[in-house]
Each structure stands twice: as C-alpha cells, then as structure tokens.
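These notes are about the structure you will find just below.
The values are calculated or read from the model by the stated rules, or taken from the named source; none is laboratory data. Note that the structure is predicted; figures quoted are calculated from it, not measured. Every residue, glycine as well, gets a Cβ built from its backbone with ideal geometry; the counts of neighbours run over all protein chains shown.
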Amino acid sequence: MKLSLFERGRVEVHKQGLSQIKAVTGDYMLQQTMLRVKDPARSLDFYTRILGMMLLQKIDFPSMRFTFYSLGYEDKADIPADVKERTAWTFSRRATLELTHNWGTECDADLSYHNGNNERRGFGHIGIAVPDVYAACKLFEEQGSVSAVAGRRKGLAFVQDPDGYWIEILSPNNMFSLMSS
C-alpha cells in the first residue's frame, strides 16, 4: 500500500509524537483499580481468603469518613513494617486492587453499588490470572459459598464478590487458544 506524501507526513509526525510520549511515560504503570465496597469485613474475607490476595495496606481518612484497603498478590515478607516505607512500597506495586469503604454504608440495607454489568452497562470486570482455571474454581467453591460461573468460552470462569462485581478467572497459557476458537 503506497501512502501519499500527506499521509507519510502524518505517519512520521505520529511516530515522532509516540517516541516523545514514550520518553515521558516510560516509567508509568497501571497501579490500581478501585472498587467501592459496602462491608469491608465481607470484602476483605472474599479477596484474601477466597482469592488469596494479601492486604498490603489500610489507610483511614477520618475527615472524609472513608477507608481504603490496598490488596495484591505479594509476598508478606516483602511488606515493609515502617508506615512511610510501606506506603511508598504499596503504591509502587503493579495492578493492585483498592477497596474503598465509605463509613456507615454497611448499616444501610438499601445501599448497593452499580457493578457496571446491569442496565446502563459500563465497567465490566477485573481479571485474575491463575495456572489452572478449573482447579482455581474448585478451590474457590471449597473455600466458601462462591460459585464459579463458566464464561462463554471453555476455560474461562467468573465469580462475584460480595458487592456484585465480576471477577474473570483466566489462565494466561490458554488465552491464545480461546481467542482463536
């Protein structure tokens, strides 16, 4: 395909722009996804006991009446004891999950958060990579009252957390065959 002089110029400007952006953004990373939770005790139990995440840090914001809990798949031995070091360490982890609890929501029987999958869809789900989807789902079901739902494609599953957010369970080694079937 032959590009016109104008199109070649646009492509070259685009390439230059990308290299300039990369020079600035080279150290950027996806650090966290935040989900609002109604009852932190139930949510923390689900994400730590069922999904095996580690609570990396809890930070209270009394003046704004909320707490956030940072979770991820890290080795407990690596978590610094010093609060200042722990905060910097926590925010340097890749792809953590931040659960935000607005104080008092656990007492409001009528409160529920929009999970993004009901009408007026938006947010879809978070994904957890596991070596074996079937073994992980069996473990989840043994650990508590969590039922895995098969995805549209064989080898994928979904579970819901206490607030109704969907979590996709996937195996990285099987994704290519799932996408090409």
Please specify each residue of the stretch 136-179 satisfying the condition of being surrounded by 14 or more Cβ atoms within 10 Å (Cβ to Cβ), of a type in the set (D, E, K, R) and either in contact with an Asp or Glu (Cβ under 9 Å, 6 or more places away or on another chain) or in a helix (DSSP H, G or I) (or both).
Glu141, Asp163
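Taking the stretch 53-71 as the search range and keeping residues that are part of a helix (DSSP H, G or I) and not aliphatic (A, V, I, L, M), which one is surrounded by the fewest Cβ atoms within 10 Å (Cβ to Cβ)?
Within the stretch 53-71, the subset part of a helix (DSSP H, G or I) is 62-64.
Those still in the list that are not aliphatic (A, V, I, L, M) too: 62-63.
Numbers: Pro62: 8, Ser63: 6.
Ranking the qualifying residues of the stretch 53-71, first place goes to Ser63.
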For Arg94, indicate whether it is touching a residue at least 12 places away in the same chain (Cβ under 8 Å), assigned by TED's automatic domain parsing to the domain that holds Thr67 and part of a loop (DSSP other than H, G, I, E, B).
yes
What are the residue pairs meeting all of these: first residue in the stretch 122-135, first residue part of a strand (DSSP E or B), second residue surrounded by 14 or more Cβ atoms within 10 Å (Cβ to Cβ) and of a type in the set (A, V, I, L, M), Cβ atoms under 6 Å, and 6 or more apart or on different chains?
Ile126/Ile167; Gly127/Leu170; Ile128/Ile167; Ile128/Ile169; Ala129/Leu170
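Can you tell me which residues in the stretch 72-85 are outside any loop (DSSP other than H, G, I, E, B) and surrounded by fewer than 16 Cβ atoms within 10 Å (Cβ to Cβ)?
Here is the first cut: in the stretch 72-85, the residues outside any loop (DSSP other than H, G, I, E, B) are 72, 76-78, 83-85.
Within the stretch 72-85, Lys76, Ala77, Asp78, Val83, Lys84, Glu85 meet the criteria.
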Does the stretch 97-115 hold any residues that are touching a residue at least 24 places away in the same chain (Cβ under 8 Å) and part of a loop (DSSP other than H, G, I, E, B), and which are they?
Trp103, Gly104, Asp108, Leu111, Ser112, Tyr113, Asn115
Of the residues in the stretch 26-52, those that are in a helix (DSSP H, G or I) and either assigned by TED's automatic domain parsing to the domain that holds Pro162 or modelled with pLDDT of 95 or more (or both) number 9
Does the stretch 103-119 contain at least one residue that is assigned by TED's automatic domain parsing to the domain that holds Leu51, within 30 Å of Asn173 (Cβ to Cβ), touching a Pro at 6+ places or on another chain (Cβ under 9 Å) and surrounded by 14 or more Cβ atoms within 10 Å (Cβ to Cβ)?
no
Restricting the stretch 73-106 to residues that are under 23 Å from Val37 (Cβ atoms) and among the acidic types (Asp, Glu), the one modelled with the lowest pLDDT turns out to be Glu106
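Listed here are the residues, each with its yes/no results for (1) more than 30 Å from Lys138 (Cβ to Cβ); (2) touching a residue at least 60 places away in the same chain (Cβ under 8 Å).
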site	(1), (2)
Ile21	yes, no
Ser43	no, yes
Gly52	no, no
Ser63	yes, no
Gly72	no, no
Ala77	no, no
